[in-house]
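Undergrad: Sending over a structure as structure tokens; questions will come in a sec.
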Amino acid sequence: ESLDKGLEKTKDSFFSKLGKAVMGKSKVDDEVLDELEDILITSDVGVETTLKIIKRIEERVSRDKYTTASELDKLLKEEITKLLAENNAQDIKSFFTNTAAKPYVIMVVGVNGVGKTTTIGKLASKFHRAGNKVVLGAADTFRAAAVDQLKLWAERVNVPIVSHGMNTDPASVAYDAVKQGVDSGADIVIIDTAGRLHTKVNLMNELSKIKRVMQKVIPDAPHEILLVLDGSTGQNAFIQAKEFTRATEVNALAITKLDGTAKGGVVIGISDQFKIPVKYIGVGEKVDDLQIFNRQAFVDSLFK
Ligand code: GDP
């Protein structure tokens with residue numbers, strides 16, 4: 001299905017390299033581990049997380065006496081599964097399994113071009129089809145295209161949208177969207193925000209102003225600050241995660257465009273490095289190509 005297809009490039013590249021690394025090898029030796037390290041790093045697992053995985057495999061090879069290189073697949077799968085479990089302890093089946101908040105307010109952050117608008121549209125569709133009442137807020141008021149695109153999604157998905165047009169105050173859009181969510185008995189309000197990274201202080205001020213204003217309506221909003229990252233940008237995604245986690249309290253990740261890249265390892269590295277659960281992954285441009293992240297399904301699909 002779409003997860004398998006979406007991860008195909010990562011899987012193919014990873015296992016063809018891994019296959020070559022162990023070919024003709026009778027045991028997991030330092031050379032195999034060095035190769036594995038390279039493969040993980042080129043899959044954008046990130047240096048820190050790669051070293052952690054290698055260390056754990058080294059320990060198990062010596063402790064459990066893994067001798068054949070063909071067993072490396074199994075070891076690797078187990079260690080990646082464990083690692084993902086540490087940061088994604090509860091896979092989120094539904095957005096409100098662990099909250100009674102109504103409406104549940106999601107503030108979506110991320111730089112331009114990562115797939116923020118598309119992700120919001122796909123989310124709105126997912127929630128709407130599951131029978132939830134959704135309100136969108138177009139608070140990325142710096143780009144006309146962002147407002148227009150979100151409007152298109154709202155129309156397509158058939159959910160209401162609050163928009164004051166371009167160059168209006170984003171905080172005021174957020175306020176009105178949350179207010180409309182409350183007044184209309186909505187289950188979820190999703191607020192788009194501007195993805196400019198001019199200066200860290202700007203970003204921080206803007207996001208905290210949006211938060212402050214929506215808290216006038218719902219004191220503990222936003223319940224979720226979802227950072228959208230483009231999975232095909234590798235190290236840039238790590239840098240953006242760093243910037244945004246410094247600017248605001250990101251508590252969920254959406255990693256997009258995994259279908260177009262062999263660097264899907266970014267999912268493993270980012271969640272490990274930032275200790276933030278990956279909640280959604282984007283595996284294509286179609287409305288159904290946003291999936292609730294399920295770590296077991298993810299690993300199974302990589303190691304199928
Ligand atoms: P924004 O600037 O962050 O709001 O980005 P957009 O939502 O406009 O997305 C930028 C481009 O990425 C669009 O062409 C989307 O169709 C595309 N896109 C978004 N998510 C995915 C994904 O998971 N897979 C693929 N292949 N394309 C995606």
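Undergrad: Residue check: is Ile270 open to solvent by less than 20 Å² (accessible area, probe 1.4 Å) and touching a residue at least 40 places away in the same chain (Cβ under 8 Å)?
TA: yes
Undergrad: A follow-up question, please. Of Lys279, Lys263, Lys304, Lys242, which residue is within 16 Å of the ligand (Cβ to nearest atom) and outside any strand (DSSP E or B)?
TA: Working: Lys279 fails: outside any strand (DSSP E or B); Lys304 fails: within 16 Å of the ligand (Cβ to nearest atom); Lys242 fails: within 16 Å of the ligand (Cβ to nearest atom).
Selected residue: Lys263, the only one of Lys279, Lys263, Lys304, Lys242 that is within 16 Å of the ligand (Cβ to nearest atom) and outside any strand (DSSP E or B).
Undergrad: Quick one: in the range 107-165, of everything that is of a type in the set (Asp, Glu) and within 11 Å of the ligand (Cβ to nearest atom), which residue is surrounded by the fewest Cβ atoms within 10 Å (Cβ to Cβ)? Please lay out each step first, then the result.
TA: Step one: list which residues in the range 107-165 are of a type in the set (Asp, Glu), which gives 140, 148, 155.
Pick out the ones that are also within 11 Å of the ligand (Cβ to nearest atom) and you get 140, 148.
Details: Asp140: 28, Asp148: 15.
Filtering first and then ranking leaves Asp148.
Undergrad: Every residue in the range 1-57 that is within 15 Å of Phe303 (Cβ to Cβ), more than 16 Å from the ligand (Cβ to nearest atom) and among the aliphatic types (A, V, I, L, M), please.
TA: Scanning the range 1-57 gives Leu18, Val22, Leu36, Ile39, Leu40, Val45, Ile53, Ile57.
Undergrad: Give me the pairs, please: first residue somewhere in the range 100-127 and over 21 Å from Asp288 (Cβ atoms), second residue anywhere and of a type in the set (Asp, Glu) and within 14 Å of the ligand (Cβ to nearest atom), beta-carbon distance under 8 Å, and either six or more positions apart or on two chains.
TA: Final answer for the pair search is Gly113/Asp230.
Undergrad: Sort out which residues of the range 236-255 are open to solvent by 10 Å² or more (accessible area, probe 1.4 Å) and in contact with an Asp or Glu (Cβ under 7 Å, 6 or more places away or on another chain), and write them in order of number.
TA: Asn251
Undergrad: Just the residues that are charged (D, E, K, R), part of a helix (DSSP H, G or I) and either under 18 Å from Thr117 (Cα atoms) or in contact with a strand residue (DSSP E or B) (Cβ under 8 Å, 6 or more places away or on another chain) (or both), please, taken from the range 207-232.
TA: Here is the first cut: in the range 207-232, the ones charged (D, E, K, R) are 209, 211-212, 216, 220, 224, 230.
In the following step, the residues that additionally are part of a helix (DSSP H, G or I) were identified as 209, 211-212.
The one that is charged (D, E, K, R), part of a helix (DSSP H, G or I) and either under 18 Å from Thr117 (Cα atoms) or in contact with a strand residue (DSSP E or B) (Cβ under 8 Å, 6 or more places away or on another chain) (or both): Lys211.
Undergrad: If you scan the range 253-266, which residues turn out to be within 11 Å of the chain's Cα centre (by Cα) and in contact (Cβ under 8 Å) with a residue 60 or more places away in the chain? First the steps, then the outcome.
TA: Keep residues of the range 253-266 that are within 11 Å of the chain's Cα centre (by Cα), which gives 253-258, 266.
Ala254, Thr256, Lys257, Leu258, Val266, listed by residue number.
Undergrad: Can you say whether Ala194 is under 28 Å from Ile270 (Cα atoms), of a type outside the set (Asp, Glu) and within 16 Å of the ligand (Cβ to nearest atom), as far as the supplied structure shows? Let's see the steps before the verdict.
TA: Numbers: under 28 Å from Ile270 (Cα atoms): yes; of a type outside the set (Asp, Glu): yes; within 16 Å of the ligand (Cβ to nearest atom): yes.
Yes.
The values are calculated or read from the model by the stated rules, or taken from the named source; none is laboratory data. Worth saying up front: this structure is predicted, and the values here are computed from it rather than measured. All Cβ positions, glycine included, derive from the backbone under ideal geometry; neighbour counts span all protein chains shown. With ligands, DNA and RNA removed, areas are computed over all heavy atoms of the protein, side chains included. Shrake-Rupley method; radii C 1.70, N 1.55, O 1.52, S 1.80 Å.
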